[in-house]
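To start, the structure under review is shown below, and the notes come after it.
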Amino acid sequence: MHSINKENKQWWKEAIVYQIYPRSFKDSNNDGIGDIKGIISKLDYLEKLGINVVWLNPIFCSPNDDMGYDVSDYKNIMPEMGSMQDFEELLKGLHKRGIKLIADLVLNHTSDEHEWFKQSRSSRNNIYRNYYHWWPAEKGTPPKRFSFFHEEGAWTYDALTNSYYLHYFSRKQPDLNWENIVVRKEMYSMMRFWLDKGVDGFRLDAFTFISKDINYPNIPKEYEHDCLSYYASGPHLHNYIQEMNVEVFSKYDIMTVGEASGIAPEQALLFTATERKELQTLYHFDHANWGRDKNNLYYPDTSNRKLSDLKKIFTKWNDVFKTDGWGTAYFTTHDQSRMVSRFGNDTVFRNESSKLLFTFLLSMRGTPYIYQGDEIGMTNIRFNTIEDYRDIHTINYYKHLVANGKNTQAFIDAQKEVSRENSRTPVQWNNNINAGFTNTTPWLKVNDNYNKINVALAEDDADSILYYVRKMIALRKLLPVFVYGDYELLAEDDEKIFAFTRSIDDEKILIVLNFCNESNVFISSSSFNISNATTLINNYNTKPNITDKQLCLQPWQAIILKLN
Ligand code: GLC
Ligand code: CA
């Protein structure tokens, strides 16, 4: 059986990450927008939760076309968020509490308001011209490229120099030309700037897109939306990440996590194996796409939500990192809907299912990520009209449907399940106006259910999700088996119960999760006996119902047993 050796032990494997979407965390100056001082005012809350790394979404200067993912100045703080001094104070406050900070690194594109792009578009001879991808119009229309935010495609014509520029995301997010060594050097120096300030690592945004085939071959129509083959993972991707590692990462004791959309399990180790000297970890999208319409991710497909498929996804990704590299356990981010609305039951069993999902996250292999507000069981906002949306991703697709005379109601209904806005609404702190997030109109509406779901209520209730999350975090930190133990899936075809073991040296734990609204029975395999097992955690207050080889579970019940 596997045991822990010194080389394997790393702080970033033991970390428990909490993601802060600063715009919606806490507003300190009542302009309706969350800010750095707001985070500072909640440092004790973070410390008490027990997390030890914060991933902070972008706080750099930005016109916010894509909420900070369109950076106009990488080395300064967006005034709405505060000042550099505020940032330094935040970092100090976190470090004082033993919490590290990883910054969000937007590598693939800048804002069109970045000085580099302003120069670049000004003339074909400008020294910044090659910082971006341009296609001279006299060569004809550029080959069709897909854009995540514009159905019209990723090339936009700019009359000033009679050329098209490339943007895989919004028109205000022109793609940087990583072929240009000067661009890469600029980016590396920017990274060192933040690391020298004391930042503890990076989340690499959309990093797989930085290398592309700049011969722009024509793409067969059926592959037009296939990011895996034609948009992500271009010919020089590994060279760039290796260079980045030599120039930046290797010089610091930091954590790196790549946003690996389009990366298949077979490719994951090429990025994360220790000897490759690229990244430490990455996170995939396979379960994010589970239950979505494969041909159009703007729509859910509820007929396609088998628990056995979810098990396959998590197990496959666990196996990838069995002996090398390292993975991530997460249910949601600022780009997906709320954890409990998506994977649990956000009405009758909101409390139980949230606790179950946390039991899962915090007992999987891979570094767990908690998204802000999930620790109190916040739910999808489910906006009824397009006017409530602020996200370019939703708004642009809606406009496209209108322009083409398509059904907008079906789209709005679908967004109640899938929209990114679901997880971006302000954190619900208390019963005061706007949930205590701000005294004025917030940038995005607060969920009406804040009278029932908020941090103050959770603090007053020993049975709350928040209490349970703290307890589960403490448990993970206590027993190394949660971090370093082997993972083995049990009862793989069971469509109701997700059960697995983790084991290391002579320690073995059994995690049993009833992913459903009805009671169920788990029958233990003959290789171990559960009748004399110790209960490590249980999300119901009643004693676990264990007989010989059977464990009776109530709806959404989660139990971890230590097998003796
Ligand atoms: C990543 C971010 C997302 C953003 C996109 C473009 O996927 O997480 O929020 O819209 O990159 O930068
Ligand atoms: Ca503010």
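The values are calculated or read from the model by the stated rules, or taken from the named source; none is laboratory data. Remember, it's a predicted structure, so these values are computed and weren't measured experimentally. Here the Cβ is made from the backbone with ideal geometry for all residues, glycine too, and neighbour counts use every protein chain on show. SASA here: full protein model, heavy atoms, side chains in, ligands and nucleic acids out. Shrake-Rupley method; radii C 1.70, N 1.55, O 1.52, S 1.80 Å.
Inside segment 122-219, counting only strands (runs of 3 or more DSSP E) that do not spill past its ends, which hold 3 or more residues that are free of Cβ contacts under 8 Å to residues at least 60 places away in the same chain and either farther than 26 Å from residue 259 by Cβ or of a type outside the set (A, V, I, L, M, F, W, C) (or both)? Walk me through it before giving the result.
Numbers: elements: 134-136, 155-158, 163-166, 201-205.
Per the criteria, 155-158, 163-166.
Could you pull out the residue among 62, 111 that is touching a Gly at 6+ places or on another chain (Cβ under 9 Å), touching a residue at least 40 places away in the same chain (Cβ under 8 Å) and more than 30 Å from residue 468 (Cβ to Cβ)? So that I can check it myself, show each step before the final result.
Details: 111 fails: touching a Gly at 6+ places or on another chain (Cβ under 9 Å).
Only one candidate passes the filter, namely 62.
Tell me which residues, restricted to segment 296-321, are part of a loop (DSSP other than H, G, I, E, B) and either within 16 Å of ligand 1 (Cβ to nearest atom) or free of Cβ contacts under 8 Å to residues at least 24 places away in the same chain (or both).
From segment 296-321, those part of a loop (DSSP other than H, G, I, E, B) are 296-299, 301, 305-306, 321; that's our starting set.
Matches in segment 296-321: 296, 297, 298, 301, 305.
Output yes when any residue across segment 94-106 is away from ligand 1 (no atom under 16 Å from the Cβ) and free of Cβ contacts under 8 Å to residues at least 40 places away in the same chain, and no when none is.
Going through segment 94-106, the residues away from ligand 1 (no atom under 16 Å from the Cβ) turn out to be 94-101.
Among the residues that remain, those that are also free of Cβ contacts under 8 Å to residues at least 40 places away in the same chain are: 96.
Checked against the condition, which is being away from ligand 1 (no atom under 16 Å from the Cβ) and free of Cβ contacts under 8 Å to residues at least 40 places away in the same chain, segment 94-106 yields at least one hit.
Picking from 124, 129, which residue would you name as being more than 16 Å from ligand 1 (Cβ to nearest atom) and open to solvent by less than 60 Å² (accessible area, probe 1.4 Å)? Talk me through it step by step, then tell me what you get.
Working: 124 fails: open to solvent by less than 60 Å² (accessible area, probe 1.4 Å).
Criteria check complete, one pass: 129.
Collect the residues in segment 7-44 that are farther than 25 Å from residue 438 by Cα and either within 16 Å of ligand 2 (Cβ to nearest atom) or free of Cβ contacts under 8 Å to residues at least 40 places away in the same chain (or both), keeping them in residue-number order. Spell out the reasoning first.
The initial filter retains those residues of segment 7-44 that are farther than 25 Å from residue 438 by Cα, namely 7-17.
Matches in segment 7-44: 7 only.
May I ask you to list the residues in segment 247-288 that are assigned to a helix (DSSP H, G or I), open to solvent by less than 20 Å² (accessible area, probe 1.4 Å) and over 21 Å from residue 311 (Cα atoms)?
Correct list: 249, 271, 272.
Kindly evaluate residue 111 against the criterion of being open to solvent by less than 10 Å² (accessible area, probe 1.4 Å), under 30 Å from residue 154 (Cβ atoms), among the small types (Gly, Ala, Ser) and within 16 Å of ligand 1 (Cβ to nearest atom).
Working: open to solvent by less than 10 Å² (accessible area, probe 1.4 Å): yes; under 30 Å from residue 154 (Cβ atoms): yes; among the small types (Gly, Ala, Ser): yes; within 16 Å of ligand 1 (Cβ to nearest atom): yes.
Yes; evaluated as a whole, the condition is true for this residue.
Against the conditions (1) under 19 Å from residue 358 (Cα atoms); (2) open to solvent by less than 10 Å² (accessible area, probe 1.4 Å), where does residue 291 fall short? Just the number, please.
Among (1) under 19 Å from residue 358 (Cα atoms); (2) open to solvent by less than 10 Å² (accessible area, probe 1.4 Å), residue 291 violates only (1).
Is it true that some residue in segment 222-239 is touching a strand residue (DSSP E or B) at 6+ places or on another chain (Cβ under 9 Å) and in the same structural domain as residue 398 (by TED's automatic domain parsing)?
The initial filter retains those residues of segment 222-239 that are touching a strand residue (DSSP E or B) at 6+ places or on another chain (Cβ under 9 Å), namely none.
So far as segment 222-239 goes, no, none of its residues is touching a strand residue (DSSP E or B) at 6+ places or on another chain (Cβ under 9 Å) and in the same structural domain as residue 398 (by TED's automatic domain parsing).
For segment 383-439, name all the residues that are within 16 Å of ligand 2 (Cβ to nearest atom), open to solvent by 40 Å² or more (accessible area, probe 1.4 Å) and not in a loop (DSSP other than H, G, I, E, B).
Of everything in segment 383-439, just one residue is within 16 Å of ligand 2 (Cβ to nearest atom), open to solvent by 40 Å² or more (accessible area, probe 1.4 Å) and not in a loop (DSSP other than H, G, I, E, B), namely 433.
Out of 35, 31, 44, 70, which single residue is over 19 Å from residue 201 (Cβ atoms), more than 13 Å from ligand 1 (Cβ to nearest atom) and open to solvent by less than 10 Å² (accessible area, probe 1.4 Å)?
Numbers: 31 fails: open to solvent by less than 10 Å² (accessible area, probe 1.4 Å); 44 fails: open to solvent by less than 10 Å² (accessible area, probe 1.4 Å); 70 fails: more than 13 Å from ligand 1 (Cβ to nearest atom).
Testing whether each residue is over 19 Å from residue 201 (Cβ atoms), more than 13 Å from ligand 1 (Cβ to nearest atom) and open to solvent by less than 10 Å² (accessible area, probe 1.4 Å) leaves just 35.
Name the residue, out of 104, 73, 65, 86, that is at pLDDT 95 or above and within 16 Å of ligand 2 (Cβ to nearest atom). Can you show your working first?
Working: 104 fails: within 16 Å of ligand 2 (Cβ to nearest atom); 73 fails: within 16 Å of ligand 2 (Cβ to nearest atom); 65 fails: within 16 Å of ligand 2 (Cβ to nearest atom).
Sole residue among the options that is at pLDDT 95 or above and within 16 Å of ligand 2 (Cβ to nearest atom): 86.
Scanning for something over 26 Å from residue 339 (Cα atoms) and either open to solvent by less than 10 Å² (accessible area, probe 1.4 Å) or out of contact with any Ser or Thr (no Cβ under 8 Å at 6 or more places or on another chain) (or both), does segment 14-21 turn up at least one residue?
Within segment 14-21, not a single residue is over 26 Å from residue 339 (Cα atoms) and either open to solvent by less than 10 Å² (accessible area, probe 1.4 Å) or out of contact with any Ser or Thr (no Cβ under 8 Å at 6 or more places or on another chain) (or both).
For every residue, the table says whether it meets (1) surrounded by 19 or more Cβ atoms within 10 Å (Cβ to Cβ); (2) touching a His at 6+ places or on another chain (Cβ under 8 Å).
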site	(1), (2)
175	yes, yes
198	no, yes
208	yes, no
218	no, no
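Please identify the pairs in which a residue from segment 375-388 that is at positive phi has its Cβ atom under 8 Å from the Cβ atom of a residue that is assigned to a helix (DSSP H, G or I), counting only partners at least 6 apart or on another chain.
Within 8 Å, the pairs are 377/340; 377/350; 377/351; 377/354; 377/465; 382/416; 382/422.
Could you list all residues from segment 134-164 that are away from ligand 1 (no atom under 16 Å from the Cβ), buried (at least 20 other Cβ atoms within 10 Å of the Cβ) and under 21 Å from residue 63 (Cα atoms)?
155, the sole residue that qualifies.
Restricting attention to segment 11-28, and to residues there that are more than 22 Å from residue 85 (Cβ to Cβ) and in contact with a strand residue (DSSP E or B) (Cβ under 7 Å, 6 or more places away or on another chain), which single residue is farthest from ligand 1 (Cβ to nearest atom)?
Restricting to residues being more than 22 Å from residue 85 (Cβ to Cβ) and in contact with a strand residue (DSSP E or B) (Cβ under 7 Å, 6 or more places away or on another chain), the top hit is 13.
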